[in-house]
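The structure under discussion is supplied below as structure tokens; questions concerning it will follow.
The values are calculated or read from the model by the stated rules, or taken from the named source; none is laboratory data. Bear in mind the structure is a predicted one, so any value in this text is a computation, not a measurement. Here the Cβ positions follow ideal geometry from the backbone for every residue, glycine too, while neighbour counts run over all protein chains shown.
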Amino acid sequence: MSTQKLLIIGQGDIGLPVTNKLAQDNLSVTGLARRERSHYQLDDSAKFIQADALTLTVEKLKDFTRIAVIVTPDEYSTSGYNDSYLSICQHLATLASELTNLERVVFISSTGIYGQNKGEWIDEHTAPVSPERDASKIILQAEQALQQGFGDKAIIIRPSGIYGRERLMRLRKAKEAQKEPIAAEDWSNRIMDRDLVTIIINVLTIDTPKSLYIATDYAPVTTLELTTWLSEQVGETLPEVDDKKTAVTGKRLHSNIPLAWLTYPDWQVGYQDILQHQG
């Protein structure tokens, strides 16, 4: 691995810990972001490029063997997704033929690109992929741009809902004394942020990754079951069932992540960790 040179485009809540862990593992890693290095708590042994990814040239990229694109839009609008995910992937794809050292481009996509919403099971072989939301359509286009440019060098990771010790939306809702009634069968899926970091690092560094990973834990759960369980843990009133919403909604994702990669293989393990770290 000593010959690998890794570039992590994006130094946000996931990209930064990916860069830092790779640096701590004594790999040659460079983080790229638009702001100055001082804005990011980067490991001392990581290199840094301050640049907009859309300005990257063959000259700047030619030495890298593996690149990960871990970005979020400046604003959660159609144009925001266009200007981030899609523009960056399209730009990299235009350079593909000249990046002769590059072995792998890993793109962090989203399971939001699956338009199914009636409780269906989804796995890595589910096709065709038909997004409903405009933002999801753009993310799928970004995947396709990389695949067209880089062929089988392009590896896609589609995370489900990311949660963690600082991502506490469900816990906040459980702590509300007055809860909105919840549909009986609205399915949801999640991945602990720490596990997502591990997944990305493994996909970047193992010898023969799959072409597609559905980065989710092993236990889809209904919003009702999750909220009921969390409410019990924090000693708050339990949610009532919304009798008006009888349709099965959401989707159930079948993970293809090796179990050994997951510290939090299901939502109960994850939320027990989160509850222990609330202080």
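Any residue at all in the stretch 92-111 that's in a helix (DSSP H, G or I) and closer than 22 Å to residue 256 by Cα?
Yes, because at least one residue in the stretch 92-111 is in a helix (DSSP H, G or I) and closer than 22 Å to residue 256 by Cα.
Ok, one more. How about the stretch 6-34: which of its residues are without any contact (Cβ under 8 Å) to a residue 40 or more places away in the chain, aliphatic (A, V, I, L, M), out of contact with any helix residue (DSSP H, G or I) (no Cβ under 6 Å at 6 or more places or on another chain) and in a strand (DSSP E or B)?
32, 33
Taking the criterion of being under 18 Å from residue 206 (Cβ atoms), among the aliphatic types (A, V, I, L, M), surrounded by 15 or more Cβ atoms within 10 Å (Cβ to Cβ) and modelled with pLDDT of 95 or more, would at least one residue in the stretch 48-67 satisfy it?
There is at least one residue in the stretch 48-67 that is under 18 Å from residue 206 (Cβ atoms), among the aliphatic types (A, V, I, L, M), surrounded by 15 or more Cβ atoms within 10 Å (Cβ to Cβ) and modelled with pLDDT of 95 or more.
Another one. Do you know which residues across the stretch 35-79 are in a loop (DSSP other than H, G, I, E, B), of a type in the set (S, T, N, Q) and within 18 Å of residue 23 (Cα to Cα)?
41, 45, 65
While we're looking at this one, here's another question. Any chance you could count how many residues in the stretch 118-171 are in contact (Cβ under 8 Å) with a residue 60 or more places away in the chain, more than 18 Å from residue 253 (Cα to Cα) and assigned to a strand (DSSP E or B)?
1
Check off (1) within 27 Å of residue 207 (Cα to Cα); (2) of a type in the set (S, T, N, Q); (3) crowded, with 16+ Cβ neighbours inside 10 Å for residue 136 and give me the number that stays unchecked.
(1)
This table checks each residue for (1) in contact with a Lys or Arg (Cβ under 6 Å, 6 or more places away or on another chain); (2) more than 27 Å from residue 4 (Cβ to Cβ); (3) of a type in the set (Ser, Thr, Tyr).
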residue: 67; (1), (2), (3): no, no, no
residue: 71; (1), (2), (3): no, no, no
residue: 78; (1), (2), (3): no, yes, yes
residue: 81; (1), (2), (3): no, yes, yes
residue: 94; (1), (2), (3): no, no, yes
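Can you tell me which residues in the stretch 233-257 are surrounded by fewer than 17 Cβ atoms within 10 Å (Cβ to Cβ), touching a helix residue (DSSP H, G or I) at 6+ places or on another chain (Cβ under 8 Å) and in a loop (DSSP other than H, G, I, E, B)?
234, 236, 237, 238
Could you give me the residue pairs with C-beta distances under 7 Å whose first residue belongs to the stretch 253-274 and is within 12 Å of residue 194 (Cβ to Cβ), whose second residue is among the hydroxyl-bearing types (Ser, Thr, Tyr) and assigned to a loop (DSSP other than H, G, I, E, B) wherever it lies, and which are 6+ apart or on separate chains?
Pairs that qualify, where the first residue is within 12 Å of residue 194 (Cβ to Cβ) and the partner is among the hydroxyl-bearing types (Ser, Thr, Tyr) and assigned to a loop (DSSP other than H, G, I, E, B), are 270/264; 273/264.
Residue 207 - would you say it is assigned to a loop (DSSP other than H, G, I, E, B), charged (D, E, K, R), within 29 Å of residue 18 (Cα to Cα) and touching a strand residue (DSSP E or B) at 6+ places or on another chain (Cβ under 7 Å)?
No; evaluated as a whole, the condition is false for this residue.
Condition first: farther than 28 Å from residue 143 by Cβ and either assigned to a loop (DSSP other than H, G, I, E, B) or not basic (Lys, Arg) (or both). Can you find one or more residues in the stretch 184-196 that meet it?
yes
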